[in-house]
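Data block below; observations after.
Just so you know, all these numbers are worked out from the coordinates, no wet-lab data involved. Computed from a prediction, not measured in an experiment: that's the story for all the values here. Heads up, the Cβs are rebuilt from the backbone with ideal geometry, glycines too, and the neighbour counts pull from every protein chain shown.
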């Protein structure tokens, strides 16, 4: 039923040629094994070594060894990488169209206004094993999460906040929301930062209006800063002037107190003199008052027997009055002396 069994003869060359061929084959096998028995890791990357389907991360840079044909090595970039949201980037591929860009950037705010917002997200690989095996494309997953968080956050702010004053708060809220979702997905990558690159209204008229508002707000800030600067410059001067006024008032107060004390002491001294010689003190005080009030007035004094005397200035009158008083005292003394002498003469007789 079956034909005769056929045999195939292979002639292996013998001698030195056969030995040389065997050596070459062995050397080639050893070279292949040696080439597949080591690998190197750079500073900016990590490696995942898979042994019979069991992955293990290698994070130490430098030269490492592996078992050829049994262990496979996959290197993962651990530097900070990024992608754009709202305009074309390398993750969107060749099928990307301009309409896709518009749809990514066009968002609606809480006050039902449309606005174009462009973002840039930065991320890095934190777990190379999960980055390779937990998902097919972790960067694309991060981008989808970021788009969802961006639209949710922008939808809770007014268009004025998105365009002007609320950018920092919006970025912070979006970042925190993305970090929370990445923790739940656990795909081996971490968001480093996300920033608003540009935010523009859908029409030119609205954009110009918002630019004018922003310019006015900047002018307001400049005016406030200048006012605060002027206030800080004037407050020390005002405080110094206030201290000077208080010191002058205190000095004037002390001066008036001293003057009042002096006048009181002078009044007490005058009163003591007045108590000793009331009539003389009255005249002296009257003459001094007249001298102070009417220094250039002629003074006419009417004496006994219709005699008048004109005194100018008043000092002469005061001097003459003193001399008259002294003369009257002297005459009285002389009369007393004469009387005494007469009495002595009569006695001798």
Report summary line: Plugging the Cβ-Cβ distance of residue 114 and residue 237 into 1/(1 + (r/R0)^6) at R0 = 41 Å yields, to the nearest 0.05, a FRET efficiency of 0.15
Query raised in the report: Cα-based Rg of the stretch 81-202 per 2.2 N^0.38 Å, rounded to two decimals?
Result: 1.06
Query raised in the report: Can you sort 107, 28, 177, 285 by how many other beta carbons sit within 10 Å, fewest first?
Result: 28, 285, 177, 107
Query raised in the report: If you take the beta carbon distance between residue 180 and residue 65 as r and set R0 to 30 Å, what does 1/(1 + (r/R0)^6) give as a FRET efficiency, to the nearest 0.05?
Result: 0.15
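In percent, what relative contact order does the stretch 81-202 have, based on Cα pairs under 8 Å that are 6 or more apart in sequence?
Details: 190 pairs, mean separation 43.6, N = 122.
Taking the mean separation of contacting Cα pairs over the length of the stretch 81-202, I get 36 percent.
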Query raised in the report: So for the pair residue 272, residue 122, with labels modelled 7 Å out along Cα→Cβ, what separation do we get in nm?
Result: 9.4
Query raised in the report: Pulled fully out, how much extra length does the chain show between residue 281 and residue 40, if you take 0.36 nm times their separation in residues and subtract their Cα-Cα distance?
Result: 74.4 nm
Report task. Pop the C-beta distance of residue 254 and residue 230 into the FRET formula with R0 = 41 Å and round what comes out to the nearest 0.05. Result -> 0.65
